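Participant: Attaching a single structure in structure tokens format; questions to follow.
The values are calculated or read from the model by the stated rules, or taken from the named source; none is laboratory data. All figures in this text were calculated on a predicted structure; none of them were measured in a lab. Cβ: placed from backbone, ideal geometry, glycine included. Neighbour counts: every protein chain shown. Each accessible area value is taken on the protein alone, full model and side chains, heavy atoms only, with ligands, DNA and RNA left out. Shrake-Rupley method; radii C 1.70, N 1.55, O 1.52, S 1.80 Å.
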Amino acid sequence: MKNNILNKILGLLLLLVSFSCSSDLDFNQANDIKLEPVFVSNLAYFEVPANEFITNGIEQSVFFDAPTVTLFNDSFFKDNLVRSDFFFEINNTINRAYTIDVTLLNNTNAPLYTMHFPIPAYSGTENIVTKTEIFENIKLDLLKNTTKIAFVLRMFPGPILSESSLGSIKLRSSVTAYLVVE
């Protein structure tokens, strides 16, 4: 019985050795590797209900937020990023028109680039505005120097809002980063 198992193992090893092949390996091929990964991530999201435009009974027509962005400070991204697409979707269900300015800022808060979105007032039908902003070449260099992204929401004159006003303005955005690693 032991001899039979040993013969089977030796036969299997002989079979594997007879089908294997060998050739000279070229480890320099590793120098020719070119990777092109693509990353998709959320950029920003906010929803501002209509009643939040009222403070102590007074309409506030401008909202501002400037979160810090550390992604572009990373040397890997700076060295390998070849394109970036920013996608924005804005849904307004308030009966007032707005604009949203998205401004890229450097480390001294100097504006590098601004994206402007006019948002019409809600009139009872779907009111979604979408836009894709592509960063390549010179625009990409501006993006790589970005340390903050400022969001400025401005409300235009129109029907008076109150604490009981309905609706909201929502912004959803994402970024697709295209890299080339050689």
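Participant: Order these peptides, 147-155, 120-128, by their mean beta-carbon neighbour count within 10 angstrom, highest first.
Facilitator: Result, highest mean first: 147-155, 120-128.
Participant: How much accessible area per residue does the range 94-174 have, in Å², with a 1.4 Å probe?
Facilitator: 51
Participant: Near THR99, within a Cβ-to-Cβ distance under 13 Å, what is the net charge of the other residues, with Lys and Arg +1 and Asp and Glu -1?
Facilitator: So the environment of THR99 carries a net charge of +2.
Participant: Mark the label point 7 Å from the Cα of ASN56 along Cα→Cβ and return the residues of the range 154-174 whose backbone N is within less than 19 Å of it.
Facilitator: 161-164
Participant: How charged is the neighbourhood of VAL38? Take every other residue with its Cβ under 11 Å from the Cβ of VAL38, and add Lys/Arg as +1 and Asp/Glu as -1.
Facilitator: Summing Lys and Arg as +1 and Asp and Glu as -1 gives -1.
Participant: How much of the accessible area of the range 56-182, probe 1.4 Å, is carbon plus sulfur, in whole percent?
Facilitator: 53
Participant: If amide H atoms are built 1.01 Å from N in the plane of the peptide, which residues on other chains or at least 5 residues away come under 5 Å of the amide H of GLY167?
Facilitator: ALA50
Participant: Under a 5 Å amide H to amide H cut-off, with H placed in plane at 1.01 Å, what residues pair with GLN60 once short-range neighbours are removed?
Facilitator: ILE54, THR55
Participant: I'd like the FRET efficiency for ILE128 and PHE76, computed as 1/(1 + (r/R0)^6) with the beta carbon distance as r and R0 of 45 Å, rounded to 0.05.
Facilitator: 0.80
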